[in-house]
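Student: Below you'll find the structure I mean.
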Amino acid sequence: MNQLIDNLWHPEFRLNGLTFDSVSELLDFAQDLIDEGAEHEILMAQFFVKWFGTAPEMSVKTSGSTGLPKILPLTKEHMIFSAKTTGAYFNIGAGTRALLCLPVHYIAGQMMLVRALVLGWDLHVVAPSRDALTQYDNRYDFVALVPYQVSYALSALKKVKKLIIGGGVLSQELETALQNHDVEAYATYGMTETITHVAARRVNGSERSEIYHAMPQVRFAQDQRDCLLIYAPGLSEAPIITNDVVRLVSDTAFCYLGRIDLVINSGGIKHQPESIEHKLLKYLKGPLVVSSEPHATLGQQLILVLQASGGEESVDLDTAIATLDPLERPKKVYTFTQLPLTETGKVKRAQIKEVLEKQKK
């Protein structure tokens, strides 16, 4: 087996209880899935074929939460680096029992496959449904979920040792609910460009914190906008420039404040909508979005967009809004039957603004 294959594959890799003596045997199995498998199995099998192909890069689709989805090329070398840093940070090496229940055509799902292949995991792969964790009796050392899935899996978290949560905002309500569970739960920070997470924070237990800590060999700084700069030679030769405003704690730790391209300037006061949303989610069930609309004198005025709730809120809407600073309070409230979400559970902010603009024409 040549050096390239050695880097792409660990001989202890297991898939749904199956072992493979060689890459050729795995690829034969993948071809069978392509011919006869379920949709999620076909996508996984197609990934295996590309992963062991001769091209040095893989193509990954972004989620499209802040704009149109796009296709990004990522090198296999960088993906391997990301997998190894995750293994080192969470201390999860060969033999780790893991669950993949995320869509494989996005980076989060693909990197669960890469980690399993490179680190030698025993990987259980199921369809990416909200009930993926509750449907099986298996116990896992490591699981990755989006917040939407976590909300449906609370009763099953006793099956999991370590849980990472990404792909969307972790609400205050859900974070509070996690305090009642022994699982080591982490919120992750990252994006397709960083090949999933470059930082994580513990969200429950005695180590609970608002501070994100870097993966190994990753360092942070800020630019003149107070946005995060990521230095990770294993992922990119140049610094990765983000639009995320942070409070830098050290060169390996930060607190996330919000996206600079979402900042709303209302009457000369700049508001970070994600910060306001975080406050409201202490009292209201999500999903919800703080956005803006044109105003004759303010330039932009704050608005709140809610999804019609089928359950009891901890307080009524007026009371929740009253907890905000006066200048942060939305001037109008709009309700959608269902807010548009990406497959990974992020609210499509741009699409919401487009719908509201069309309604006013």
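The values are calculated or read from the model by the stated rules, or taken from the named source; none is laboratory data. Every value quoted in this text rests on a predicted model; they were computed, and no experiment measured them. All Cβ positions, even for glycine, are placed from backbone atoms using ideal geometry, and neighbour counts span all protein chains on display.
Student: Within segment 13-24, can you find the residues that are in a loop (DSSP other than H, G, I, E, B) and within 8 Å of Asp122 (Cα to Cα)? Quick ask: steps written out before the conclusion?
Tutor: The initial filter retains those residues of segment 13-24 that are in a loop (DSSP other than H, G, I, E, B), namely 13, 16-17, 20-22.
Passing the criteria: Phe13, Asn16, Gly17.
Student: Taking the stated definitions as given, is Val150 among the hydrophobic types (A, V, I, L, M, F, W, C), within 18 Å of the chain's Cα centre (by Cα) and either assigned to a loop (DSSP other than H, G, I, E, B) or surrounded by fewer than 18 Cβ atoms within 10 Å (Cβ to Cβ) (or both)?
Tutor: Numbers: among the hydrophobic types (A, V, I, L, M, F, W, C): yes; within 18 Å of the chain's Cα centre (by Cα): yes; either assigned to a loop (DSSP other than H, G, I, E, B) or surrounded by fewer than 18 Cβ atoms within 10 Å (Cβ to Cβ) (or both): no.
Answer is no for this residue.
Student: Which one of these does Ala127 not meet: (1) in contact with a strand residue (DSSP E or B) (Cβ under 9 Å, 6 or more places away or on another chain); (2) in contact (Cβ under 8 Å) with a residue 60 or more places away in the chain?
Tutor: (1)
Student: Can you name the number of the only condition in (1) assigned to a strand (DSSP E or B); (2) in contact with a Phe, Trp or Tyr (Cβ under 7 Å, 6 or more places away or on another chain) that Ser59 fails?
Tutor: (2)
Student: Can you name every one of the strands (runs of 3 or more DSSP E) wholly within segment 197-237 that holds 2 or more residues which are under 22 Å from Ser171 (Cα atoms)? Break it down stepwise before answering.
Tutor: Values: elements: 212-214, 219-222, 227-231.
Correct list: 212-214.
Student: Which ones in segment 325-344 are out of contact with any Leu (no Cβ under 6 Å at 6 or more places or on another chain), surrounded by 17 or more Cβ atoms within 10 Å (Cβ to Cβ) and modelled with pLDDT of 90 or more?
Tutor: Glu328
Student: Within segment 196-252, take every residue that is under 23 Å from Val114 (Cβ atoms) and among the polar types (S, T, N, Q) and give me the one that is nearest to the chain's Cα centre (by Cα).
Tutor: By that ranking, first place goes to Thr196.
Student: Output yes when any residue across segment 35-52 is in contact with a strand residue (DSSP E or B) (Cβ under 7 Å, 6 or more places away or on another chain), outside any helix (DSSP H, G or I) and surrounded by 19 or more Cβ atoms within 10 Å (Cβ to Cβ), and no when none is.
Tutor: No, segment 35-52 contains no residue that is in contact with a strand residue (DSSP E or B) (Cβ under 7 Å, 6 or more places away or on another chain), outside any helix (DSSP H, G or I) and surrounded by 19 or more Cβ atoms within 10 Å (Cβ to Cβ).
Student: Under the condition of being without any contact (Cβ under 8 Å) to a residue 12 or more places away in the chain and among the polar types (S, T, N, Q), which residue from segment 181-220 is nearest to Tyr256 (Cα to Cα)?
Tutor: Checking each candidate, the answer is Ser209.
Student: Six or more apart or on different chains, Cβ under 8 Å: which pairs go from a residue in segment 149-163 that's among the β-branched types (Val, Ile, Thr) to one that's modelled with pLDDT of 95 or more and part of a helix (DSSP H, G or I)? Could you list them?
Tutor: Partner pairs satisfying both residue conditions: Val150/Leu178.
Student: Evaluate the following for Ser309: is it of a type in the set (Gly, Ala, Ser) and out of contact with any helix residue (DSSP H, G or I) (no Cβ under 9 Å at 6 or more places or on another chain)? So that I can check it myself, show each step before the final result.
Tutor: On the way: of a type in the set (Gly, Ala, Ser): yes; out of contact with any helix residue (DSSP H, G or I) (no Cβ under 9 Å at 6 or more places or on another chain): yes.
It is true that Ser309 is of a type in the set (Gly, Ala, Ser) and out of contact with any helix residue (DSSP H, G or I) (no Cβ under 9 Å at 6 or more places or on another chain).
Student: Restricted to segment 90-114, and to residues that are farther than 17 Å from Thr342 by Cβ and either assigned to a strand (DSSP E or B) or not assigned by TED's automatic domain parsing to the domain that holds Ala185 (or both), which residue is farthest from the chain's Cα centre (by Cα)?
Tutor: Arg97
Student: When you check Phe29 against the structure, is it closer than 24 Å to Pro73 by Cβ and surrounded by 13 or more Cβ atoms within 10 Å (Cβ to Cβ), yes or no? Reasoning before the result, please.
Tutor: On the way: closer than 24 Å to Pro73 by Cβ: no; surrounded by 13 or more Cβ atoms within 10 Å (Cβ to Cβ): yes.
Spelling it out, it is not the case that Phe29 is closer than 24 Å to Pro73 by Cβ and surrounded by 13 or more Cβ atoms within 10 Å (Cβ to Cβ).
Student: Only one of Val246, Val315, Val289 is among the aliphatic types (A, V, I, L, M), crowded, with 19+ Cβ neighbours inside 10 Å and either in a loop (DSSP other than H, G, I, E, B) or assigned by TED's automatic domain parsing to the domain that holds Arg349 (or both); which?
Tutor: Numbers: Val246 fails: either in a loop (DSSP other than H, G, I, E, B) or assigned by TED's automatic domain parsing to the domain that holds Arg349 (or both); Val315 fails: crowded, with 19+ Cβ neighbours inside 10 Å.
Of Val246, Val315, Val289, the one residue that is among the aliphatic types (A, V, I, L, M), crowded, with 19+ Cβ neighbours inside 10 Å and either in a loop (DSSP other than H, G, I, E, B) or assigned by TED's automatic domain parsing to the domain that holds Arg349 (or both) is Val289.
Student: A further question follows. Keeping to segment 188-203, report how many residues are more than 25 Å from Pro73 (Cβ to Cβ) and either surrounded by fewer than 20 Cβ atoms within 10 Å (Cβ to Cβ) or not assigned by TED's automatic domain parsing to the domain that holds Pro73 (or both).
Tutor: Narrowing segment 188-203 to residues more than 25 Å from Pro73 (Cβ to Cβ): 200-203.
Narrowing the set further to residues that are either surrounded by fewer than 20 Cβ atoms within 10 Å (Cβ to Cβ) or not assigned by TED's automatic domain parsing to the domain that holds Pro73 (or both) leaves 202.
Count: 1.
Student: Of the residues that sit in segment 224-240 and are touching a strand residue (DSSP E or B) at 6+ places or on another chain (Cβ under 7 Å) and either in contact (Cβ under 8 Å) with a residue 40 or more places away in the chain or closer than 20 Å to Thr85 by Cβ (or both), which one is surrounded by the most Cβ atoms within 10 Å (Cβ to Cβ)?
Tutor: Applying the first criterion (touching a strand residue (DSSP E or B) at 6+ places or on another chain (Cβ under 7 Å)) to segment 224-240 yields 226-232, 239-240.
Restricting the remaining residues to those that are either in contact (Cβ under 8 Å) with a residue 40 or more places away in the chain or closer than 20 Å to Thr85 by Cβ (or both) gives 228-232, 239-240.
Details: Leu228: 25, Leu229: 16, Ile230: 23, Tyr231: 17, Ala232: 23, Pro239: 16, Ile240: 16.
Applying the filter and picking the extreme gives Leu228.
Student: Got at least one residue in segment 261-272 being in a strand (DSSP E or B) and without any contact (Cβ under 8 Å) to a residue 12 or more places away in the chain? Lay out the reasoning, then the answer.
Tutor: Going residue by residue through segment 261-272, those that are in a strand (DSSP E or B) are 264-266, 269-271.
Among the residues that remain, those that are also without any contact (Cβ under 8 Å) to a residue 12 or more places away in the chain are: 270.
So far as segment 261-272 goes, yes, one or more of its residues are in a strand (DSSP E or B) and without any contact (Cβ under 8 Å) to a residue 12 or more places away in the chain.
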